[in-house]
Amino acid sequence: MKKSKIGKTLPVPGMSQDDELRPDQGHVMTSTLNLANHFLIAMPSMQDPIFGGTVVYICEHNDKGVLGVVINKPTDMTMEVLFERIDLKLADGLRTTVVNEPIMFGGPVQDDRGFVLHTPGARYSSSLTVTEDVAFTTSIDVLEAVANGDGPQRLLVSIGYAGWSPGQLEDEIGRNGWLTVGADARVLFDLPIEERYNAAIKLLGIDPMMLASEAGHA
């Protein structure tokens, strides 16, 4: 198994490895569609082995593509195991709930690296503020803070992320592969993993059972 690590910078789809991810970095949009801070909800009919049944939180959507993190597909790795693999020592008395928290499969891109969604607060060396409730950090200092017991109050750690090239996601949405809805940080951080898919659908005002039934008769 590959050794997990946290990179200093994140290769955003279509962006040079030399480009640095900076807080509140803006881009000129080539489309009026901007799904940053939205959930992508896989349609029940989606049979894709990677994205079927998933909810993806979109961190950035610009002319270079789309970057998101799957928030409801846990791996068998816990925070404790991840800290061991990146040689971080946990502070004494760190809450057991944090230690045992599962690491998400964030997506198939850079699946040997760690990425963190969290509530904003302290500044980290490679971090993007998405909203006043959500930030996205790719540098190891955020996990160092967690290990020391003074990290973000709410966070989700993933291995890998989901990326789409320019126009690719728009095409998938046009072919009814995904539902989209404005994100709710409570779904992202507070709900049990197994409840996040249905909760995201309910944000649309749709009964998840009715949607599943319609997909089954499509």
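The values are calculated or read from the model by the stated rules, or taken from the named source; none is laboratory data. Since the structure is predicted, the reported quantities are computational estimates derived from the model, not experimental observations. Reconstructed Cβ throughout: ideal geometry from the backbone, glycine too, with neighbour counts over all protein chains shown. Surface areas here come from the heavy atoms of the whole protein model, side chains and all, with no ligands, DNA or RNA. Shrake-Rupley method; radii C 1.70, N 1.55, O 1.52, S 1.80 Å.
Here the stretch 76-218 is treated as a Stokes sphere of Kirkwood radius computed over C-alpha pairs; at 25 °C and 0.890 mPa s its diffusion coefficient rounds to 144 µm²/s. Across the stretch 53-145, how large is the tail of the calculated P(r) beyond 19 Å, expressed as a percent of all Cα pairs? Looking at the stretch 53-145, the distances longer than 19 Å represent 45 percent of pairs. Backbone N atoms of the stretch 37-58 closer than 19 Å to the 7 Å Cα→Cβ label point of ASP207 belong to residues 44-45.
Convert 25 °C to kelvin, take the viscosity as 0.890 mPa s, use the Kirkwood radius over C-alpha pairs of the stretch 117-177 as Rh, and evaluate the Stokes-Einstein diffusion coefficient in µm²/s, rounded to a whole number. So the translational diffusion coefficient is about 185 µm²/s. A 1.4 Å probe run over the protein chains yields, for the stretch 55-118, 39 Å² of accessible area per residue, whole-number rounding. For the stretch 112-218, the list of trypsin sites (Lys or Arg not before Pro) that fall in a loop by DSSP and count at most 13 other C-beta atoms within 10 angstrom reads ARG123, ARG175. Looking at the stretch 121-218, the GluC sites (Glu not before Pro) that sit in a DSSP loop and have at most 15 other Cβ atoms within 10 Å of their own Cβ are GLU132.
Per the Debye calculation on the stretch 39-87 with a single equal scatterer at every Cα and no solvent contribution, log₁₀ I(q)/I(0) for q = 0.18, 0.19, 0.32 Å⁻¹ amounts to -0.73, -0.77, -1.09.
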